Amino acid sequence: MKSASADTLDSQSPASARDVARGIMRLFARNNIWCISEMPLKNGRRADLMGIDAKGLIVIVEIKVARGDLLGDAKWPDYLDFCDRFYWGLAPGLNRDPLASEAYRPDVCGIVVADGYDAEIVQHASLDPLAPARRKTQVEALARAAMRRHTSLIDPHCSDVDSAG
């Protein structure tokens, strides 16, 4: 997630990237989309949230809680090659107006607004299907990361064996 310095809003109510992630994960869970945070990608990027739905579609969410972080993010298009749907995950009160510009591809990207308790999709992401080979690779990577994290919770010493993304 983002550093504490990035956990500020345009408005008065504070929200952290962790809060936004939790709210989105709750919304997704109710909709049978299961995700993990900080998922490494083959291109060296790290998705804030990456998940899979009941149909096997891959979803990535890039979380923003500060205007400067949103406006200064030039790397987000690098995520599009690794998902079927891409969402911006925003804290309540963060001005969404920049996301309407062509630079942020509103025809492709969805928007989810979330706090630490829940979330709402305010703009649905369009479906841009991955190639079958890429989808298979991503599903396997998600499964391995989730199993590795689960195993580490049960036995922290196991995580020393294989720490690859």
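The values are calculated or read from the model by the stated rules, or taken from the named source; none is laboratory data. Fair warning: this is a prediction, and the values are worked out from it, not measured in the lab. Every residue, glycine among them, receives a Cβ derived from its backbone with ideal geometry; neighbour counts consider all protein chains shown.
Matching residues to (1) polar (S, T, N, Q); (2) modelled with pLDDT of 95 or more; (3) touching a helix residue (DSSP H, G or I) at 6+ places or on another chain (Cβ under 7 Å):
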residue	(1), (2), (3)
K2	no, no, yes
L9	no, no, no
P14	no, no, no
A21	no, yes, no
F28	no, yes, no
R46	no, yes, no
L57	no, yes, no
I63	no, yes, yes
N95	yes, no, yes
| task | Taking the options D73, D84, name whichever one is at pLDDT 95 or above and under 16 Å from the mean Cα position of the chain (by Cα). | result | D84
| Single residue of V139, V113 found to be assigned to a strand (DSSP E or B), touching a residue at least 12 places away in the same chain (Cβ under 8 Å) and of a type outside the set (S, T, Y) | V113
| request: Give just the number: which of (1) touching a helix residue (DSSP H, G or I) at 6+ places or on another chain (Cβ under 7 Å); (2) surrounded by fewer than 16 Cβ atoms within 10 Å (Cβ to Cβ) does Q138 not satisfy? | output: (2)
| field | Counted residues, segment 43-100 - those being in a loop (DSSP other than H, G, I, E, B) and either free of Cβ contacts under 8 Å to residues at least 60 places away in the same chain or more than 21 Å from R144 (Cα to Cα) (or both) | value | 20
| Residues of segment 66-123 satisfying the condition of being within 22 Å of R18 (Cα to Cα), among the hydroxyl-bearing types (S, T, Y) and crowded, with 17+ Cβ neighbours inside 10 Å | Y79, Y87
| message | Quick check on A103: is it in contact (Cβ under 8 Å) with a residue 12 or more places away in the chain, in a helix (DSSP H, G or I) and either farther than 23 Å from I33 by Cβ or touching a Pro at 6+ places or on another chain (Cβ under 9 Å) (or both)? | response | no
| field | Test: residue in segment 41-57 that is polar (S, T, N, Q), under 24 Å from A141 (Cβ atoms) and surrounded by fewer than 21 Cβ atoms within 10 Å (Cβ to Cβ) | value | yes
| Matching residues in segment 65-92 - criterion: being touching a helix residue (DSSP H, G or I) at 6+ places or on another chain (Cβ under 6 Å) and of a type in the set (D, E, K, R) | D69
| request: Check S37, S101, S126 and return the single one that is of a type in the set (S, T, N, Q) and modelled with pLDDT under 95. | output: S101
